[in-house]
Amino acid sequence: MATPRGLGSLLLLLLLLTSGQENSIEQPRNTCLGRNNIDKYDILNLNDKASCFTKCRPSGSDSCNVENLQRYWLNFEAHLVKEGLTEKVNMTFLKALVQNLSTNTAEDLYFSLKPSQIPRQVMKDEDKPPDRVRLPKSFFRSLPGNRSEVRLAITILDIGSGTLFKGPQLGLGDGSGVLNNHLVGLSVGQMHVTKLAEPLEIVFSHQRPPPNMTLTCVFWDSTKGPTGDWASEGCSTEAAPEGTVCCCDHLTFFALLLRPTLDQSTVHILTRISQAGCGVSMIFLAFTIILYAVLRLSRQRFKSEDAPKIHVALGGSLFLLNLAFLVNVGSGSKGSDAACWARGAVFHYFLLCAFTWMGLEAFHLYLLAVRVFNTYFGHYFLKLSLVGWGLPALMVIGTGSANSYGLYTIRDRENRTSLELCWFREGTAMYTLYITVHGYFLITFLFGMVVLALVAWKIFTLSGATAVKEQGQNWKKVLTILGLSSLLGVTWGLAIFTPLGLSTVYIFALFNSLQGVFICCWFTILYLPSQSTTVSSSTARLDQAHSASQE
């Protein structure tokens, strides 16, 4: 009887061991977490880690450990220079050359850096390639130690458009990026080479950049922040006919950054334009609110009209937004972190309120001119107010709970600080900015433009008694469209054209800061004089009819 029991125990043990093995085999492995095979550089692991260049995105479903993955590629060159390794690596995302060089050289050494080819040394009688690196003859004499030969590794790495090797500077959504997504790595043996007496030169060939963008030579500094960032200390940027020349006094991974050109003088001028425009807008918006109060109290108007109330609510949100902007820009980085957090939150809240009320203006205009029928809503303006002031509050509470507000810095092409204000923190908080500001504005703006297009089509195709038959009166239709455009925030749409050049940035700053002036003019023309038969009064009459139908 003992044998069967022993056999049964043995079978049970084998079953448990087999089950454990199956579970370990079936357990999913996420390469992009970077914990597995962190020091393995065979072809299989290189391909696995390279897949993370496209998988690791802000909105990607795969979880990624950017710090581990970047360390993997930074250590790759140290792996390459070990004795006995292959001298060439040729993969779609990686081109590398490892070569032994004599330190007793009497001339500069040039190497081709064409991204589609393995780096190679260019002989003296060859034409210099457009993408190249120059090691001066003094380079080898300045290396530490007394060596007759060193092992040089040159790497060209295609990092793709994901989040790896981007850093906080390239997470702002302003068109910044690594030129062609190519990194160039240089290393000599196991030595840490810095402060070269004569810098090395790396030439990046490229087309002429956009007029409002600048190119900056940078290197990857792994000591900046938890994941590292790009830095430019020790590197100078020189424009050349065939591209850009980077002169650096150390060895590491290099790249050419493409970033918007906002030097200190430009930022100063744009800030002054915005401050002046916001100040003027606040005066006109205050006049609009006072005019509404006078007409409401003295002439008993607007009690049953919703459009004037919505206009005033939009004007109030813009007034508070301009005020928050002036306080924020004027205060800069002054005060404690908590005070900066509060200023960023208040500015974000009133910005979202302005976007929301512009969207509600579009919704109300849609009911007036497009839908027309079956538009009854009980407590209509109260419900709009709950959305206009409440929805932004919920978004700000959610954003603030993630500790996204803080000091935001605008830098010039030399990486010097041009402007500091309390906004979203640099880094991961930028993703919240994309969603709650850029994405939210895009939704409200597109909805407003669709409604405006429908209303314009109706105005210019009116027939019968409501049409303006005289051709000389067509300008009134145009003024009506312009007035409605100011309510729907068309001036904010000018931001789309800012990548075209610095002049468009000035146009956006000027016209957008004067939105309050345009709203005041529209409100005054629409409601101050007695109602006439002009096209500009049609919106008021439609609103009166709409409000009467709700009572």
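The values are calculated or read from the model by the stated rules, or taken from the named source; none is laboratory data. This one's a predicted model, so the numbers in the text were calculated from it and none came from an experiment. Positions of Cβ are backbone-derived with ideal geometry, glycine not excepted, and every protein chain shown enters the neighbour counts. Side chains are part of the model used for accessible areas, which takes the heavy atoms of the whole protein and leaves out ligands, DNA and RNA. Shrake-Rupley method; radii C 1.70, N 1.55, O 1.52, S 1.80 Å.
Per-structure values
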quantity: Flag if Ile290 is more than 20 Å from the chain's Cα centre (by Cα), at pLDDT 90 or above and surrounded by fewer than 16 Cβ atoms within 10 Å (Cβ to Cβ); calculated: yes
quantity: All helices (runs of 4 or more DSSP H) inside the range 424-523 with 3 or more residues being modelled with pLDDT of 90 or more; calculated: 440-460, 474-488, 502-513
quantity: Residue match in the range 105-113 (condition: under 34 Å from the mean Cα position of the chain (by Cα) and either open to solvent by 20 Å² or more (accessible area, probe 1.4 Å) or under 27 Å from Tyr72 (Cβ atoms) (or both)); calculated: yes
quantity: Test: residue in the range 50-66 that is of a type outside the set (Ser, Thr, Tyr), open to solvent by less than 30 Å² (accessible area, probe 1.4 Å) and at pLDDT below 85; calculated: yes
quantity: Single condition Thr92 does not satisfy, out of (1) assigned to a loop (DSSP other than H, G, I, E, B); (2) surrounded by 11 or more Cβ atoms within 10 Å (Cβ to Cβ); (3) in contact (Cβ under 8 Å) with a residue 60 or more places away in the chain; calculated: (2)
quantity: Candidate set: the range 417-427, residues that are under 16 Å from Gly332 (Cβ atoms) and in contact (Cβ under 8 Å) with a residue 40 or more places away in the chain; chosen: the one surrounded by the fewest Cβ atoms within 10 Å (Cβ to Cβ); calculated: Glu420
quantity: Members of the range 428-458 found to be within 17 Å of Val370 (Cα to Cα) and surrounded by fewer than 18 Cβ atoms within 10 Å (Cβ to Cβ), listed by number; calculated: Leu446, Phe447, Met449, Val450, Ala453, Leu454, Ala456, Trp457, Lys458
quantity: Tally, over the range 138-169, of residues that are closer than 23 Å to Ala78 by Cα, open to solvent by 60 Å² or more (accessible area, probe 1.4 Å) and assigned to a loop (DSSP other than H, G, I, E, B); calculated: 5
quantity: Failed item in (1) over 21 Å from Asp249 (Cα atoms); (2) open to solvent by less than 50 Å² (accessible area, probe 1.4 Å); (3) assigned to a loop (DSSP other than H, G, I, E, B), with Ser116 passing the rest; calculated: (2)
quantity: Subset of the range 185-224 [more than 20 Å from Leu251 (Cα to Cα) and part of a loop (DSSP other than H, G, I, E, B)]; calculated: His206, Gln207, Arg208, Pro209, Pro210, Pro211, Asn212
quantity: Residues satisfying the stated conditions in the range 364-376, i.e. touching a residue at least 40 places away in the same chain (Cβ under 8 Å) and open to solvent by 70 Å² or more (accessible area, probe 1.4 Å); calculated: Tyr366, Tyr376
quantity: Hits in the range 311-336 - residues which are under 21 Å from Thr436 (Cβ atoms) and in contact with a strand residue (DSSP E or B) (Cβ under 8 Å, 6 or more places away or on another chain); calculated: Asn328, Val329
quantity: Answer from Ser281, Ser317, Ser304 - the residue that is open to solvent by less than 20 Å² (accessible area, probe 1.4 Å), closer than 24 Å to Leu368 by Cα and polar (S, T, N, Q); calculated: Ser317
quantity: Count - residues of the range 346-363 that are free of Cβ contacts under 8 Å to residues at least 60 places away in the same chain and farther than 19 Å from Ser486 by Cβ; calculated: 2
quantity: Restricting the range 226-261 to residues that are among the small types (Gly, Ala, Ser) and in a loop (DSSP other than H, G, I, E, B), the residue that is farthest from Leu157 (Cα to Cα); calculated: Gly234
quantity: Complete set of residues in the range 119-137 that are part of a loop (DSSP other than H, G, I, E, B) and in contact with a Phe, Trp or Tyr (Cβ under 7 Å, 6 or more places away or on another chain); calculated: Pro119, Lys128, Asp131
